[in-house]
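Asker: Below is one structure. I have some questions about it.
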Amino acid sequence: MNLTRALGSVGGLTLASRILALGRDTLQATFVGAGFASDAFLVAFRLPNMFRSLFAEGAFSAAFIPLFNRKVAEADDLSAGLRFAEQALAVLFPILVVMTLVMLAAAWPLTWALSGGFDDPSRAQFAFAVTLSRFTIPYLMLISLASLLGGILNSLDKFWVNAAAPILLNVAMISGLWFFHGDGPYETARVQAISVTIGGMLQLGWLMLACRRAGISLRLRRPRFDKDVRELMALILPAAAGAGATQINLLISTALAGGLLDAGSISYIYYADRLNQLPLGLIGIGLGTILLPTISRLIGQGKEAEARETQNRGIELALFLTLPATIAFLVSAQPILAGLFQHGQFTAIDSERSSWALAAFSLGLPSYVLVKVLTPAFYARSDTRTPVRFATISVGVNIVGNLILIPLIAHIGPPLATAIAATVNAVLLYRTLRARGQMEADARLRRRVPRLLLAALLMGVALFFLDGFIAPWTTGDLLARVTGLTLLVGGGVAVYALACIATGAYRIADLTAMLRRRPANS
């Protein structure tokens, strides 16, 4: 499989979703701003957003896809895999119903835990935040069911269908903001919370329709905890912690920021994270989605050398795309944030403070992506316990980092602690794979990584001088903002491409070979 072509399919749709998310966040900044109403919605959105990452993009796929592929391979028949999927659905559905009802009943303590109790809110403000949480909690059940259907479609190499589903969530939320925003921030935040669950309904409906068109129809059976289901359940919980270390760290950071920092701090961190999530979603999640079924099939066929080669090319592609994003966010965070969000309720001070958080987040961007690229090597071998050990260490590093850094650098502390924790996680994953003989950086990867870093740094120098020219455009009208951001991004991409060729990181033949099925010899 050509990873670049596959990533182009998944990543293109993921990019479309993330661009829509930026549009959604721009409208949210305009109508809600960065005050308590915004913080309350973001806390309510944090739990379903975390479950989306853990289940749709992490734990369930990590546990389900290798087992599904194994069933199909053993019987040489897709129906064997579908019977396993029906057994999983029969057990998953009642668990999700009970869990959703319990969470709705426990919305008050959940909101308190996620927010750290906020910073001295009034009783009415906290009650408002609890109400928003109750609006968003049903999304958890919807996205978990959608992840089962998406896992089946990914196993059949229909990656694009599952990758397109998040677009519907953003469409629902943008529609709520555009057509139904209220007279003030609180009314608009309520509309946003309702639109989250509506978006979940649309996502589940889309995947049900796609499965039906693919000839897949799952019946709801009586739950039976047979051997296969017990094995699936034994893999899901550790996979959730292993794949979701970044989300767990963000959850802890949000709670500590809400309890220890002034109102608006959660929003500064959120808007910074939204930009940080753009390359993470496009590169890390896209590559992780592709690598898991690909590597699991290769290992199942006894092709260990090919599996290691695929892993090397995944790391190479991840760093090729991630290093320039890291440098760009370090150098140009402020003009990017101002161009996207600085209007309406979102002020110049909000842009500046969010830019500091984005710069801190970006220090860990390569590590966030490498965690997504490295963990499939464990999951493909049905090892979900090793990543959970490293995720636990990562969470501990994050907590300690937050407690040390928040008193020193306020809202910059949580993003920086998250970046440090992700780096620890990535290093532990890589070293373990190498020690087991399941991963070794080949000569091609060792040659290219330092040259890619140099090319990214050269791009950063160019952006530093370009920022001053672009800055006045980022606070103008819509056309000026779009023009300014296009020049900034386009200029950076052009300089990086030229720098890659000049440093020898890639030849022109290498870059064109990425779009072909067979790589150029190197």
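Throughout, read-outs are computed from the coordinates displayed, never taken from laboratory work. Model, not experiment: these values are computed from the prediction. Every residue, glycine among them, receives a Cβ derived from its backbone with ideal geometry; neighbour counts consider all protein chains shown.
Asker: Go through 343, 312, 465 and say which Cα lies farthest out towards the positive end of the charge dipole of the chain; charges sit on Cβ, +1 for Lys and Arg, -1 for Asp and Glu.
Answerer: 312
Asker: Candidates (1) 3, 12, 14, 14, 14, 9, 8, 8, 7, 5, 4, 2, 0, 0; (2) 4, 19, 30, 28, 15, 4, 0; (3) 4, 18, 26, 23, 16, 8, 3, 1, 0, 0; which is the computed P(r) over Cα pairs in 10 Å bins from 0, in percent?
Answerer: Step by step, P(r) over Cα pairs in 10 Å bins from 0, in percent for this structure corresponds to label (2).
Asker: Next up: What's the tally of Lys pairs in the chain whose alpha-carbon atoms lie under 24 angstrom apart, where the two lysines are 8 or more places apart or on different chains?
Answerer: Values: 71/158; 71/227; 71/303; 158/303; 158/372; 303/372.
Lysine pair count for the chain: 6.
Asker: In addition: Tally Lys/Arg at +1 and Asp/Glu at -1 over every other residue whose Cβ is under 12 Å from the Cβ of residue 155; what's the total? Working shown, then result.
Answerer: On the way: positive: 70, 71, 158, 297; negative: 157.
Combined, the nearby Lys, Arg, Asp and Glu give +3.
Asker: Now for a different question. Given axes a ≥ b ≥ c from the Cα gyration tensor, I'd like to know whether region 360-470 is rounded (a/c under 1.5), prolate (a/b larger than b/c) or oblate.
Answerer: Details: a/c = 3.06, a/b = 1.19, b/c = 2.56.
It comes out oblate by the Cα gyration axes.
Asker: Given charges of +1 on the Cβ of Lys and Arg and -1 on the Cβ of Asp and Glu, with all other atoms neutral, how large is the dipole of region 368-522 about its Cα centre, in debye to the nearest 20?
Answerer: With Lys and Arg at +1 and Asp and Glu at -1, about 860 debye.
Asker: Treating only the Cβ atoms of Lys and Arg (+1) and Asp and Glu (-1) as charged, compute the dipole magnitude of the chain about its Cα centre; round to the nearest 20 debye. Could the numbers behind the result be given before it?
Answerer: Values: 43 positive and 29 negative charges, 345 e Å.
In debye, rounded to 20, the chain gives about 1660.
Asker: From the square roots a ≥ b ≥ c of the eigenvalues of the alpha-carbon gyration tensor of region 75-169, which class results: rounded (a/c under 1.5), prolate (a/b over b/c), or oblate?
Answerer: Prolate is the answer for region 75-169, as a/c is 1.5 or above and a/b outweighs b/c.
Asker: Hey, another quick one. Only helical DSSP H runs with n ≥ 4 go in: add -39500 (n - 2.57) per run for the chain, normalise by residue count and round the 222 nm mean residue ellipticity to 500 deg cm²/dmol. Provide the component values of the computation, followed by the final result.
Answerer: Details: 21 runs with 421 residues, N = 522.
Mean residue ellipticity at 222 nm (helix-derived): -28000 deg cm²/dmol.
Asker: I'd like the distance separating the alpha-carbon centroids of region 462-505 and region 14-50, in whole Å.
Answerer: Measuring centre to centre over Cα atoms gives 25 Å.
Asker: Which residue, chosen from 407, 191, 201, occupies the Cα position most advanced towards the positive end of the dipole of the chain, where the dipole is computed from +1 (Lys, Arg) and -1 (Asp, Glu) charges on Cβ about the Cα centre?
Answerer: Farthest along the dipole direction, towards plus: 201.
Asker: Within the set of other residues whose C-beta is less than 15 Å from the C-beta of residue 174, count the net charge using Lys and Arg as +1 and Asp and Glu as -1. Present the calculation step by step, with values, prior to reporting the outcome.
Answerer: Details: positive: 18, 24, 274; negative: 25.
Cβ neighbours under 15 Å give a net charge of +2.
Asker: In a shell of Cβ-Cβ distance under 13 Å around residue 79, excluding residue 79 itself, what net charge do Lys and Arg (+1) and Asp and Glu (-1) give?
Answerer: Working: positive: 71, 83, 219; negative: 74, 76, 77, 86.
Combined, the nearby Lys, Arg, Asp and Glu give -1.
Asker: Placing +1 on the Cβ of each Lys and Arg and -1 on the Cβ of each Asp and Glu in the chain, which of 151, 44, 271 has its Cα farthest towards the positive end of the resulting dipole?
Answerer: With unit charges placed on the Cβ atoms, the residue in question is 151.
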